[in-house]
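The structure under discussion appears below in the form of structure tokens.
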Amino acid sequence: GNAMRAPGEAPGMMALEVAMDEMAEKLKMDPVTFRVVNDTTVDPEKPGRKFSQRRYVQCLRQGAERFGWDKREAKPGQVREGQWLVGMGMASAFRNNMNLKSAARVRLESDGKVTVETDMTDIGTGSYTIIAQTAAEMLGLPVERINVRLGDSDYPVSAGSGGQWGANSATAGVYAACVKLREQIAQKAGLDAAKAEFLDGAVRVDARSVPLTEVAKGGVIVAEDTMEYGDLEKKMQQSTFGAHFVEVAVDVATAEVRVRRMLSVCAAGRILNPKSARSQVIGAMTMGVGGALMEHLAVDKRHGFFVNHDLASYEVPVHADIPHQEVIFIDELDATTSPMKAKGIGELGLCGVGAAVANAIYNATGVRVRDYPVTLDKMLQKMPSLA
């Protein structure tokens, strides 16, 4: 599997998690139970390296309970509603967490506002918001008093966007710069930096409180720092985990597929912003539906020509294709990942979705398709009788 909307885990798990479903069936085991009893606590490739945190089984169990998995018929093709055959499928979600070196510059302006500068990008993923949140929390200010500047090569070098490493890495760099700025502010205020608290726009130690506007009267205070991780990756396996559950209906005559319900349960450390994180996951789930049912790149191998090279002929899901989507974040903090105790989330919501859709189609119809996308032409000859 190579990178397609996410690194290799995304297309790779489209095959692996269907194989898991097939194995569970041959063993006459429930697919969720099969995964639970085969769980591991160490990295299979490097058994001496433990996971920093692994709440995979909790994702499986909580997802199964929330989705109503106990109502699933184990034998395929048993549930019919009029012209529709209905089935449920599930798959695991997995994506490694990576911490990358990231720097930021933080400046306390003379009016008491704070400016954050880092060359991190915001490609619609909410970087501006979570960086502002980080600085606000560190300096005891409302988010409205934080000005975030991104995407300029004159700013300190960040981790960048992609690979679901951006949020945790970039905010950790901002955290480091804010720690240094806090020290400078406390010293200028004549307070012990080790004991200083930043609350309500002021720095205080015990009964003495100094507004940040007063500290900044003498001129702008600037701090810059970088968050680095040394050999952390060699000592600890850091990963994100989850479980996807899908219900589909398949037209008994035409094999047309309709996705009815989707649920993703994610364990990804501290969720920095629940709203933007949920948006990332439901966007990823939508991509997963596209990969399972629609997306196919047609290549003319004689001439090396990409036939469907535009959005008029390369099919992706639209609003009408996507049902109700539910996202659950497991409540966890991973103190080994960074000072933010967070991990990545963007691609976890995609890895495994395609397999969950394919497994649901099999449960509905008894037709197993191993060649994505699962289109009706691949199913029609194998569909159960109309009787």
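A compact table of results
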quantity	calculated
Cβ-derived FRET efficiency at R0 30 Å, Lys50 paired with Asn273, nearest 0.05	0.55
Gaussian network model of the chain, springs between alpha carbon atoms under 10 Å - residue of Gly190, Gly77, Gly344 with greatest fluctuation	Gly190
Among Gly366, Gly87, Gly269, residue whose mean-square fluctuation peaks in a GNM of the chain (springs only between Cα atoms under 10 Å)	Gly366
Lys, Arg +1 and Asp, Glu -1 on Cβ, resulting dipole of the range 102-228 about Cα centre, debye, nearest 20	300
Hz values of 3J(HN,Hα) by residue in the range 60-71 - Karplus curve (6.51, -1.76, 1.60), Gly and Pro given as x	4, 5, 5, x, 4, 5, 5, 7, x, 4, 5, 8
Heavy-atom accessible surface of the chain: percent carbon and sulfur, 1.4 Å	51
Which of Leu181, Ala103, Thr226, positive extreme of dipole for the range 102-228 (C-beta unit charges)	Leu181
Cα convex hull volume per residue for the range 295-343 (Å³)	174
Span from the the range 221-253 Cα centroid across to the the range 318-387 one, whole angstrom	17
Equivalent ellipsoid, the range 298-387 (semi-axes from 5 times Cα gyration tensor eigenvalues, Å)	34, 23, 13
Value of D in µm² per second that Stokes-Einstein yields for the range 233-387, Kirkwood Rh from Cα pairs, at 10 °C (1.306 mPa s)	91
Estimated FRET transfer efficiency (Glu65, His309; beta-carbon r; R0 51 Å; 0.05)	0.70
Calculated [θ] (222 nm, deg cm²/dmol) that DSSP helices of n ≥ 4 give over the chain, each run adding -39,500 (n - 2.57)	-9500 deg cm²/dmol
Loop-resident sites, the range 233-266, for trypsin sites (Lys or Arg not before Pro), counting at most 15 other Cβ within 10 Å (DSSP)	none
Dimensionless Rg/Rh of the range 326-370 - Kirkwood Rh, Rg from C-alpha atoms	1.21
Under 19 Å from the Arg80 label point (7 Å along Cα→beta-carbon), backbone N, the range 362-378	362-368
Gained length - Ala3 relative to Ala253, 0.36 nm times residue gap less alpha-carbon distance	86.5 nm
The chain: most fluctuating residue of Ile330, Ile131, Ile221 per GNM, C-alpha cutoff 10 Å	Ile221
Order of exposure, largest accessible area first, which applies to His244, His324 with probe 1.4 Å	His324, His244
Per-selection Rg to Rh, the range 82-210 - Cα, Kirkwood hydrodynamic radius	1.19
Residue (of Ala202, Asn147, Asn168) at the positive-pole extreme of the range 102-228, dipole from beta-carbon charges	Ala202
Cα convex hull of the range 166-208, projected area averaged across orientations, nm²	3.4
The range 1-133: radius of gyration over Cα atoms, expressed as a fraction of 2.2 N^0.38 Å	1.55
Cα gyration tensor of the chain - equivalent ellipsoid semi-axes, whole Å, descending	47, 22, 18
Per residue accessible area in Å² of the chain, where ligands, DNA and RNA are left out and the probe is 1.4 Å	48
Cα centroid of the range 112-136 to Cα centroid of the range 258-307, whole Å	26
Assigned charges on the beta-carbon of Lys, Arg, Asp, Glu; the chain dipole about Cα centre (debye)	720
R0 of 56 Å, Cβ-Cβ distance Ser110-Ser385: FRET efficiency to nearest 0.05	0.10
Trypsin sites (Lys or Arg not before Pro) restricted to the range 167-218 and DSSP loop, no more than 12 other C-beta within 10 Å	Lys195
Cα-only Debye scattering, the range 6-76: base-10 log of I(q)/I(0) at q = 0.18 Å⁻¹	-0.91
Whole-number D in µm²/s for the range 185-254 (Stokes-Einstein; Kirkwood sum over Cα pairs; 4 °C, 1.567 mPa s)	74
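The values are calculated or read from the model by the stated rules, or taken from the named source; none is laboratory data. From a predicted model like this one, the values you see are computed outputs, not experimental measurements. Using ideal geometry, Cβ is built from the backbone for each residue, glycine included, and neighbour counts are taken over all protein chains shown. Note: areas computed on protein heavy atoms with side chains; ligands, DNA, RNA excluded. Shrake-Rupley method; radii C 1.70, N 1.55, O 1.52, S 1.80 Å.
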